[in-house]
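Take a look at the structure below.
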Amino acid sequence: MRWQGQELKASPAKGYEPGTAQGEPGPATAPGSLQAPSAAPPAALPLTAVSGTTDPLIPLQGLVRSVRTPDFAGVTFHEVVAKSVLNKVGGGSNMPFEWTVNPYRGCSHACVYCFARKTHTYLDMDSGADFDSQLVVKVNAAEVLRRELARPSWQHHHVAMGTNTDPYQRAEGRYQLMPGIIRALADSGTPFSILTKGTLLARDIPLLKEASAQTDIGMGISLALVDPELAKRAEPGTPTPRARLELISRLRDAGLPCSVMAMPILPWLTDGDESLDALFSALASAGATGVTAGALHLRPGAREWYLEFIARHYPQLSGKYADLYGKGTYASKEYRDWLAGRIRFFKAKYGFTGGARFLRPAGTQATRAANGKETVTAAAAQDALF
C-alpha cells in the first residue's frame, strides 16, 4: 500500500507572600519571537487577583490563589505552594530517565495532539480547553528543589524537564521559575535535560552555558511542523517553526548541543515526502545534532481533542483516522513501518545518523564533523534519550 501525505483562594500558605511572585517582563513574549537575554531579570511586578477569578471548585493542594491578567487573555493561573517538585518516574515506564521536574501543569501552547492532556483530569479539570487555559504554577519550585537536592540520599540522577508540560511556555515569562531551577540543579552537580517548544529559553542561554561547566546538560527542541499555517492550527500557542529553528541555531552558536524531537508526524498532513524533506532539510540547516521522529500517538485525553480538531478542519480525514487507529493509541503496524522507512531515508539524506540525545553523560567527547554536525564518542555506553 502506498501512503502519501497529500492523500491520507485560598489563604496564603506559609512562606508565600502574595504579590511577590517572580517578575513578569512586561507583556509576555509573543509566540514566534525570540526573547533576547538580559543582563538582569526585570523588577518583580505584583500579581493582582481580579475580582471573581478564584474558582473554589478546583481542589488544588497548596492553592494560594487563582489569577487572571490582561496579558494572558483567557488563561487562569492557579498559584500553588508545592511540598515536593522532584517526581520519580514509575517503575513500569520505558522512559530513559528516572526523575522529572515540572514547574507548571497544563500548557498554553494548546497543541491539539499533546499526549499529556489526560493529566489534567487528575485535577478534576478537562483535558481539552482546561489543559490549555487553567495553568497550575508551583511558585516555590526552585526553593523546594534546592532543598530536595541537598538531601544526603539524593544520588544525582539525571533530571528531565519538559517531559509532561513545557517549562518554557508563555507563563515562564511571567513567573521566571526556570533560572532558579537551573541554578539549583547545576549547583548540586545534578545532570539535567530540557525539552521545549518555547523560545523563552533564549533568555537563559548564558545561564545554561554556565551550568554546562558544572554538570552534564542536554537540550532538545520539539519541532515537527514546519508549515506555518498548519502549525497555527495544530499548535496555536507555540512560537512559529521559524523561531524554533532560529533557537536551535542560537543554542549551537553558544556551543550547546541541541537535539530535536520531530514528533508527532501527522498522518495525511505531514507524512508526505515533500513535508518530510522540508522538515529534515530545515533541521539540518539549523544545526540540529540529532533527530528522533515518529508517528502521532492518540492517548486518551489527547485522542478526543485531536479527532475533534480533524473533524473540524479536515473532515475528509475523519474516516481514515478511524481506520488507521481503530480504538487504540497507535497507528497500524503497517503504517508505522512505512513511516519509519521514510524517516530513515530522509535522516540519511541530511546526515542524521542517530536519534535525539538529550544528555551527554560524563566521559563523552564531542567533535565537529566536516558537515558541521556533532559526533559523540563515549568512553562508556552512551545514554540514548528518546
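The values are calculated or read from the model by the stated rules, or taken from the named source; none is laboratory data. What you see is a predicted model; the values in this text were computed from it and never measured. Don't worry about glycine lacking a Cβ; one is built from the backbone with ideal geometry, like all the others, and counts go over all protein chains shown. SASA here: full protein model, heavy atoms, side chains in, ligands and nucleic acids out. Shrake-Rupley method; radii C 1.70, N 1.55, O 1.52, S 1.80 Å.
Label-to-label distance for PHE309 and LYS333 is 2.9 nm, based on points extended 7 Å past Cα in the beta-carbon direction. For the pair LYS88 and ALA129, the difference between a 0.36 nm per residue extended length and the Cα-Cα distance amounts to 12.0 nm. Solvent-accessible surface (1.4 Å probe) assigned to ARG147 amounts to roughly 130 Å². Subtracting the Cα-Cα distance of SER318 and GLN214 from 0.36 nm times their residue separation leaves 32.4 nm of extension gain. Both the radius of gyration and Dmax for the range 54-211 are 15.3, 44 Å, in that order, over alpha-carbon atoms. When all alpha carbon pairs of the range 287-346 are counted in 10 Å bins from zero, the resulting P(r) reads 20, 44, 28, 8 %. The amide H of ILE265, built 1.01 Å from its N in the peptide plane, has GLY294, ALA295, LEU296 as neighbours under 5 Å, considering only residues 5 or more places off or on other chains. The simple Förster model, with R0 at 22 Å and r as the Cβ-Cβ distance, assigns SER281 and GLU229 a FRET efficiency of 0.75. Each semi-axis of the equivalent ellipsoid for the range 191-346 is √(5λ) with λ an eigenvalue of the Cα gyration tensor; in descending order they amount to 31, 16, 15 Å. Taking each residue as 0.36 nm, the span from THR121 to THR353 lengthens on full extension beyond its C-alpha to C-alpha distance by 79.6 nm. Determine the distance separating the Cα centre of the range 163-185 from the Cα centre of the range 197-221; give it in Å without decimals. The distance from the Cα centre of the range 163-185 to that of the range 197-221 comes to 11 Å. The largest accessible area among CYS114, CYS258 belongs to the first residue in CYS114, CYS258, and the rest follow in falling order (1.4 Å probe, all chains). The ratio of the alpha-carbon radius of gyration of the range 158-207 to the globular-protein estimate 2.2 N^0.38 Å is 1.07.
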